[in-house]
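Enquirer: There's a structure below that I have some questions on.
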Amino acid sequence: MGNAAGLARKTCALSGLILWVGIGQTLAACPSPETLKAAAFDRGFHQEKYLSGMDKPLLSEGRLTAQDKEVVWHMLKPFDVKTVITPSGIRQSVDGGEPVEVGSGTGEIAASVARSMAAMMRGEWDALQAMFTVKLPDDHTAGDWQVGLTPLDDRLKSVLGVITVHGCGDVSSVDIVRSDGDREHIQFDAVAP
């Protein structure tokens with residue numbers, strides 16, 4: 001009986017050592033966010049929007065794609081809204097209907113947000129510095145990294161607030177905290193191997 005207990009302790013200690021070494025290797029395996037270079041991407045997302053005065057978040061899901069100079073933010077649930085941003089303009093369609101040109105004002109802010117999201121997913125931190133103060137992590141070797149983005153423009157700051165991009169190898173999620181206390185969490189599906 002003593003031998004069984006001793007063997008169990010040794011097995012437990014060995015398992016703990018293997019787990020500890022594995023965690024250390026995983027934490028050290030995150031490349032710098034500056035190495036992200038996704039020219040094109042297609043990622044599913046799940047979004048939680050927390051609004052003051054509401055007990056539960058608004059939930060949505062869809063796909064974010066970018067190729068060349070086109071960005072598509074396609075919300076599929078709870079309803080279908082597809083926004084396509086190109087250098088020539090912004091088009092939006094609802095429930096598969098005809099795309100309609102989106103005017104300036106709110107549409108321009110939405111386009112800025114979508115273009116910014118595409119730049120974040122591509123790791124284009126230098127390009128984002130035209131619109132944001134970009135705070136890259138001092139040390140990314142301790143595991144997942146975070147990049148902080150604060151809009152330079154007051155109007156954009158009132159809409160977006162502070163953005164934190166999380167990842168390890170690619171962007172896994174984005175958190176947006178607005179000045180009025182509202183916030184969003186966007187979780188991206190893992191990149192297929």
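The values are calculated or read from the model by the stated rules, or taken from the named source; none is laboratory data. Everything numeric here is computed off the predicted structure, so don't read it as measured data. All Cβ positions, glycine included, derive from the backbone under ideal geometry; neighbour counts span all protein chains shown. Only protein heavy atoms, including side chains, enter the accessible area calculation; ligands, DNA and RNA are left aside. Shrake-Rupley method; radii C 1.70, N 1.55, O 1.52, S 1.80 Å.
Enquirer: I'd like the residue in region 141-193 that is in a helix (DSSP H, G or I) and touching a helix residue (DSSP H, G or I) at 6+ places or on another chain (Cβ under 8 Å) and, out of all such residues, is surrounded by the fewest Cβ atoms within 10 Å (Cβ to Cβ). Walk me through it before giving the result.
Expert: Quick first cut of region 141-193, residues in a helix (DSSP H, G or I) only: 154-160.
With touching a helix residue (DSSP H, G or I) at 6+ places or on another chain (Cβ under 8 Å) added as a condition, the list becomes 155-156, 159-160.
Values: R155: 11, L156: 17, V159: 17, L160: 23.
Top of the filtered list is R155.
Enquirer: If I ask for residues that are buried (at least 19 other Cβ atoms within 10 Å of the Cβ), part of a loop (DSSP other than H, G, I, E, B) and of a type in the set (G, A, S), which ones from region 113-140 would you list?
Expert: Once the filter is applied, which keeps residues that are buried (at least 19 other Cβ atoms within 10 Å of the Cβ), part of a loop (DSSP other than H, G, I, E, B) and of a type in the set (G, A, S), region 113-140 yields only G123.
Enquirer: Suppose we keep only residues that are closer than 28 Å to A190 by Cβ and open to solvent by 80 Å² or more (accessible area, probe 1.4 Å) within region 77-99. Which one would you say is modelled with the lowest pLDDT?
Expert: F79
Enquirer: Going by the structure shown, is V171 under 24 Å from T35 (Cβ atoms) and modelled with pLDDT of 90 or more?
Expert: Values: under 24 Å from T35 (Cβ atoms): yes; modelled with pLDDT of 90 or more: no.
Spelling it out, it is not the case that V171 is under 24 Å from T35 (Cβ atoms) and modelled with pLDDT of 90 or more.
Enquirer: Next question, about the same structure. For residues in region 56-76 being over 17 Å from D189 (Cα atoms) and of a type in the set (D, E), which is least open to solvent (accessible area, probe 1.4 Å)? Full working, then the answer.
Expert: Within region 56-76, the subset over 17 Å from D189 (Cα atoms) is 56-58, 67-71.
Within this subset, residues satisfying the condition of being of a type in the set (D, E) are 68, 70.
Values: D68: 128, E70: 78 Å².
Within region 56-76, the match that is least open to solvent (accessible area, probe 1.4 Å) is E70.
Enquirer: Can you tell me which condition A142 does not meet? The list is (1) at pLDDT 85 or above; (2) within 21 Å of P31 (Cβ to Cβ), and all the others hold.
Expert: (1)
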